[in-house]
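Only one structure is covered here, and it is reproduced in the block below.
Every number here is computed from the coordinates shown, using simple stated rules; none is lab data. Source: prediction; values computed, not measured. Here the Cβ positions follow ideal geometry from the backbone for every residue, glycine too, while neighbour counts run over all protein chains shown.
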């Protein structure tokens with residue numbers, strides 16, 4: 001007579017591996033969705049126009065005159 005153990009070949013512990021497998025699949029899907037949507041932990045903080053302007057000036061993308069002119073435009 002043949003013993004049937006649910007087809008997993010692990011005896012009574014096959015369900016544990018099934019739970020681990022599905023947990024890993026769900027975890028992988030969550031990571032994929034976060035990567036596709038660009039979700040990060042700093043979602044609550046939004047950059048202001050002044051922050052962006054400061055970064056552009058710091059990186060040398062704009063000179064001091066442009067920085068001052070654009071800063072005045074943002075402030076008003």
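Data for the structure
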item: Contour excess over end-to-end distance, with Cα ends at residue 51 and residue 69 and 0.36 nm allotted per residue; result: 5.0 nm
item: Computed label-point distance, nm, for sites residue 32 and residue 13 using a 7 Å Cα→Cβ extension; result: 2.9
